[in-house]
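A.B. asks: Have a look at the structure that comes next, please.
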Amino acid sequence: MTTRSSGFTLIELLVVVAIIGIISAVGVVSYSGYVSATKKKAAENTLYQLSLAQTEFFTDNRIYKVDAKSNCPADSDSTTELVTALLGGTGTIPEDFHFCADSVAGSNFSITAKSTTKSQLNCTLVLSSNNELNKTGC
């Protein structure tokens, strides 16, 4: 007499769980890479937006809006100051980066974005007045 089992064996279930675990591990790593790249791209776009606003500010005032502190700290205060002065307090600034503007050679400027997240703590983006973007630690 032959008996039929109508379920899965323990080995079959363990293999399926292992395969799902491997697939999800690969997916999480890929997803975090996409998120990181998106945050950097948002910061780059904000740098270009601030650069255009600098040009408009210069047209109106004949000077560039730069940080009052000499070392361009790129902290929350300097970010708020830039957004208020250049963008009129509106605009979307990435929360993972702080921004500051610094004077370069008198008639030029550079805008710096420094990452505030632990995963990209050394990531610094610098956009010069001639739209050259330099990435450090990203």
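The values are calculated or read from the model by the stated rules, or taken from the named source; none is laboratory data. The model shown is predicted, which means the values in this text are computed figures rather than measured ones. Methodologically, a virtual Cβ is constructed for each residue, glycine included, from the backbone with ideal geometry; neighbour enumeration extends over all protein chains shown. Heads up: the accessible areas ignore ligands, DNA and RNA and are worked out on the full protein's heavy atoms, side chains in. Shrake-Rupley method; radii C 1.70, N 1.55, O 1.52, S 1.80 Å.
A.B. asks: Mind checking which pairs have a first residue in segment 117-132 that is closer than 16 Å to Asn45 by Cβ and a second that is at pLDDT below 85 and of a type in the set (A, V, I, L, M, F, W, C), Cβ under 6 Å, 6 or more apart or different chains?
C.D. replies: Once the first residue is closer than 16 Å to Asn45 by Cβ and sits in segment 117-132, its partners that are at pLDDT below 85 and of a type in the set (A, V, I, L, M, F, W, C) give Cys123/Cys138.
A.B. asks: Test Lys118 against the criterion of being among the basic types (Lys, Arg), out of contact with any strand residue (DSSP E or B) (no Cβ under 8 Å at 6 or more places or on another chain) and open to solvent by 50 Å² or more (accessible area, probe 1.4 Å), and give yes or no.
C.D. replies: On the way: among the basic types (Lys, Arg): yes; out of contact with any strand residue (DSSP E or B) (no Cβ under 8 Å at 6 or more places or on another chain): yes; open to solvent by 50 Å² or more (accessible area, probe 1.4 Å): yes.
So Lys118 fits the description; yes.
A.B. asks: Ok, one more. Within segment 26-46, can one find any residue that is surrounded by 10 or more Cβ atoms within 10 Å (Cβ to Cβ), closer than 23 Å to Ser107 by Cβ and touching a strand residue (DSSP E or B) at 6+ places or on another chain (Cβ under 8 Å)?
C.D. replies: no
A.B. asks: Here's something else I'd like to know. Looking at Lys118, Lys69, Lys39, Lys114 in this structure, which one is basic (Lys, Arg) and over 13 Å from the mean Cα position of the chain (by Cα)?
C.D. replies: Values: Lys118 fails: over 13 Å from the mean Cα position of the chain (by Cα); Lys39 fails: over 13 Å from the mean Cα position of the chain (by Cα); Lys114 fails: over 13 Å from the mean Cα position of the chain (by Cα).
Going through Lys118, Lys69, Lys39, Lys114 in turn, just one is basic (Lys, Arg) and over 13 Å from the mean Cα position of the chain (by Cα): Lys69.
A.B. asks: Which pairs have Cβ atoms under 9 Å, sit 6 or more apart or on different chains, and link a residue in segment 84-95 that is within 16 Å of Ala74 (Cβ to Cβ) to one that is part of a loop (DSSP other than H, G, I, E, B) and of a type in the set (D, E, K, R)?
C.D. replies: Short answer, once both residue conditions are applied: Ala85/Lys65; Leu86/Lys65.
A.B. asks: Right, something else. Would you mind stating whether Leu47 is in contact (Cβ under 8 Å) with a residue 12 or more places away in the chain and among the aliphatic types (A, V, I, L, M)? Before the answer, list the steps.
C.D. replies: Working: in contact (Cβ under 8 Å) with a residue 12 or more places away in the chain: yes; among the aliphatic types (A, V, I, L, M): yes.
When the stated conditions are applied, Leu47 passes them.
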